[in-house]
């Protein structure tokens, strides 16, 4: 039986803009399937308004998670990691909550350890949710 006093937290990442998550995922999936021009994206994603697509794409471009080259859109491979960590379970970390709250350098290190190549861009799309783990002993 361990009597360690190490604080623990659960760290979960959520989309910073919950209203944009469907648009991010739809844009990324469409581009991965080969719909990488303005015309093809508008044709394949009629369920989204043009304004909503533009706002979602603008956020992805600002975070360097999407790139336009000669009229063709590409999605950064980091987006697959972001989609996975947002959909996945919380990370159980041996840290105190005060160490993670408003500590972007530590969050960047955690994202880099997960495999994100552009952690600063990832943090523009994600927000951390930190919960302390209470021991019932």
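Stretched out straight at 0.36 nm per residue, the stretch from residue 109 to residue 70 would grow longer than its current Cα-Cα span by 10.7 nm. The C-alpha atoms of the chain define a longest principal axis, and helix 50-62 lies at about 50 degrees to it.
Relative to the dominant Cα principal axis of the chain, helix 21-32 is inclined by about 60°. Computed from Cα atoms, the angle from the helix 78-87 axis to the main principal axis of the chain rounds to 60 degrees. Highest mobility in the GNM of the chain, judged by mean-square fluctuation with C-alpha springs under 10 Å and restricted to 59, 118, 69, is found for 69.
A crude spin-label estimate for the pair residue 132 and residue 102, with each label 7 Å from Cα along the Cβ direction, gives 1.8 nm.
Each value in this text was obtained by applying a stated rule to the coordinates, not by laboratory testing. The model shown is predicted, which means the values in this text are computed figures rather than measured ones. Here Cβ is always computed from backbone atoms with ideal geometry, including for glycine, and neighbour counts include all displayed protein chains.
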